[in-house]
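Report on the structure given below.
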Amino acid sequence: MGADIDGVIETRESGGRWETEVDLLDFGLGRERDAWDFLFGFGSGIGVERPLFDRRGLPDDVSEPVAETGRGEWQHSHSYALWAEVAAVDWDGPVCDGPDYSRVGVWRPGPDRELALDDVVPAPIEVLDAAEELFGEDLMPSEWPPGGEVRWNGAVYRPVIFTPRMFASPDGSWGPVWAAMRELAVVYGDENVRLVVWFG
């Protein structure tokens, strides 16, 4: 067993009261633990130092359905984000101060034949072995010398500093959530649309 995500998108009405507009479960997000970690600081333990909306708690003025169902015995790690905050996210900004210890970026030639980041994976043993041969000692990716990279099996492997786009891309599985919030913000305003989440 493991935790699941739950939550709602709320709008603030003209009287200042928050109302539930959309149930997060309607988006069928599944257990995307890495994305949860990048967004809300809960999930995979991947090592995100600055999640975007890190366990802020449950707002005091939540809509009635959230007050009834989001504060149960099994709900935890609550957080929230206004659309204004989501819209301002730098999806390519670093969320860690240095390269990850054991993961590497996999760079492959794109359509223009220029190298582009294709994936972020735990460093394959073959890459670590090649790095040891290349750098003269047994080093994890975060310990490779500046500019260090390993070419293996048609790809280039480099140390990687995490950004939200790598595991929680705005146009990935969370795209429909952001689109729904964006559409509501046109009606209610950027400060009056809020995502509230919790786990349990």
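The values are calculated or read from the model by the stated rules, or taken from the named source; none is laboratory data. Worth saying up front: this structure is predicted, and the values here are computed from it rather than measured. All Cβ positions, glycine included, derive from the backbone under ideal geometry; neighbour counts span all protein chains shown. Side chains included, ligands, DNA and RNA excluded: accessible areas come from the protein's heavy atoms. Shrake-Rupley method; radii C 1.70, N 1.55, O 1.52, S 1.80 Å.
Checking Pro94, Pro99, Pro109 one by one, the residue that is open to solvent by 20 Å² or more (accessible area, probe 1.4 Å) and closer than 30 Å to Ala179 by Cβ is Pro94 and no other.
Is it the case that Gly15 is surrounded by fewer than 18 Cβ atoms within 10 Å (Cβ to Cβ), in a loop (DSSP other than H, G, I, E, B) and over 21 Å from the mean Cα position of the chain (by Cα)? It is true that Gly15 is surrounded by fewer than 18 Cβ atoms within 10 Å (Cβ to Cβ), in a loop (DSSP other than H, G, I, E, B) and over 21 Å from the mean Cα position of the chain (by Cα).
Gly43 satisfies every condition listed in (1) surrounded by 15 or more Cβ atoms within 10 Å (Cβ to Cβ); (2) modelled with pLDDT of 95 or more; (3) not hydrophobic (A, V, I, L, M, F, W, C) except (2).
Within region 72-83, which residues are open to solvent by 50 Å² or more (accessible area, probe 1.4 Å) and either aliphatic (A, V, I, L, M) or assigned to a strand (DSSP E or B) (or both)? Outline the logic, then answer.
To start, the set of residues in region 72-83 that are open to solvent by 50 Å² or more (accessible area, probe 1.4 Å) comprises 73-76, 80.
Residues satisfying the conditions are His76, Tyr80.
For region 18-39, a residue qualifies if it is over 21 Å from Gly189 (Cβ atoms), of a type outside the set (A, V, I, L, M), open to solvent by 40 Å² or more (accessible area, probe 1.4 Å) and not in a loop (DSSP other than H, G, I, E, B), and the qualifying residues are Asp23, Asp26, Phe27, Arg33, Asp34. Might you let me know whether region 157-176 holds any residue that is more than 29 Å from Pro99 (Cα to Cα) and crowded, with 16+ Cβ neighbours inside 10 Å? Checked against the condition, which is being more than 29 Å from Pro99 (Cα to Cα) and crowded, with 16+ Cβ neighbours inside 10 Å, region 157-176 yields no hits at all. Restricting Asp171, Asp190 to residues that are under 22 Å from Asp92 (Cα atoms) and free of Cβ contacts under 8 Å to residues at least 24 places away in the same chain narrows the list to Asp171. Can you find a residue in region 125-144 that is under 18 Å from Pro94 (Cα atoms), at pLDDT 95 or above and not in a helix (DSSP H, G or I)? Within region 125-144, none of the residues are under 18 Å from Pro94 (Cα atoms), at pLDDT 95 or above and not in a helix (DSSP H, G or I).
Do you know which of the residues in region 44-68 that are part of a loop (DSSP other than H, G, I, E, B) and without any contact (Cβ under 8 Å) to a residue 24 or more places away in the chain is nearest to Leu195 (Cα to Cα)?
Let us first name the residues in region 44-68 that are part of a loop (DSSP other than H, G, I, E, B), namely 44-63.
Among the residues that remain, those that are also without any contact (Cβ under 8 Å) to a residue 24 or more places away in the chain are: 44-45, 57, 60.
Numbers: Ser44: 21, Gly45: 22, Gly57: 12, Asp60: 14 Å.
Of everything passing the filter in region 44-68, Gly57 is nearest to Leu195 (Cα to Cα).
Closer than 30 Å to Arg151 by Cβ and exposed (fewer than 15 other Cβ atoms within 10 Å of the Cβ) - does that describe any residue in region 49-58?
Looking through region 49-58, at least one residue is closer than 30 Å to Arg151 by Cβ and exposed (fewer than 15 other Cβ atoms within 10 Å of the Cβ).
Report whether or not Val86 is under 14 Å from Ala168 (Cα atoms), assigned to a loop (DSSP other than H, G, I, E, B) and either touching a helix residue (DSSP H, G or I) at 6+ places or on another chain (Cβ under 8 Å) or open to solvent by less than 20 Å² (accessible area, probe 1.4 Å) (or both). Please lay out each step first, then the result.
Numbers: under 14 Å from Ala168 (Cα atoms): yes; assigned to a loop (DSSP other than H, G, I, E, B): no; either touching a helix residue (DSSP H, G or I) at 6+ places or on another chain (Cβ under 8 Å) or open to solvent by less than 20 Å² (accessible area, probe 1.4 Å) (or both): yes.
Judged against the criteria, Val86 is not a match.
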